[in-house]
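Here is the structure we will look at, set down as structure tokens.
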Amino acid sequence: MDVSTLRWFFFWCTLLNYLALGGMAAVFIFAGDRIYALHRRWFALDRDVFDVAMYFFLGFYKLFVFVFCLVPWIALLIAG
């Protein structure tokens, strides 16, 4: 596998993951009550705890994509 293929792989990986992150954030913003009602059936969560858990998940996912997708893509652009 050459550097150009890896560069394209990390580019598409970054793009698709950030699109998924944006979609999840939009769903949480616009349909947060529905998501909360769905999860409340399975878990005894308070609304504040649910909001914090979702905020933590979105932040962790964003950091994960940044470290494992965006940084390698930028490094390959610089090295390439």
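Out of everything in the stretch 1-47 that is within 20 Å of the chain's Cα centre (by Cα) and either of a type in the set (Ser, Thr, Tyr) or on the phi > 0 side of the Ramachandran plot (or both), what residue ends up being most open to solvent (accessible area, probe 1.4 Å)? Filtering the stretch 1-47 for residues that are within 20 Å of the chain's Cα centre (by Cα) and either of a type in the set (Ser, Thr, Tyr) or on the phi > 0 side of the Ramachandran plot (or both), the one most open to solvent (accessible area, probe 1.4 Å) comes out as TYR18. With respect to the stated conditions, TYR61 fails to be hydroxyl-bearing (Ser, Thr, Tyr) and either open to solvent by 60 Å² or more (accessible area, probe 1.4 Å) or modelled with pLDDT under 95 (or both). Just one of (1) open to solvent by less than 90 Å² (accessible area, probe 1.4 Å); (2) at pLDDT 95 or above fails for GLY80. It is (2).
When LEU6, LEU45 are checked against the criterion of being in contact with a helix residue (DSSP H, G or I) (Cβ under 8 Å, 6 or more places away or on another chain) and modelled with pLDDT under 95, LEU45 stands alone in meeting it.
When the stretch 21-37 is filtered for residues that are in contact (Cβ under 8 Å) with a residue 24 or more places away in the chain and either in contact with a strand residue (DSSP E or B) (Cβ under 9 Å, 6 or more places away or on another chain) or more than 14 Å from ASP51 (Cα to Cα) (or both), only LEU21 remains.
The values are calculated or read from the model by the stated rules, or taken from the named source; none is laboratory data. Model, not experiment: these values are computed from the prediction. When we count neighbours, we look across all protein chains shown, and the Cβ atoms used for this are built from the backbone with ideal geometry, even at glycine. The accessibility values were calculated without ligands, DNA or RNA, using every heavy atom of the protein model including side chains. Shrake-Rupley method; radii C 1.70, N 1.55, O 1.52, S 1.80 Å.
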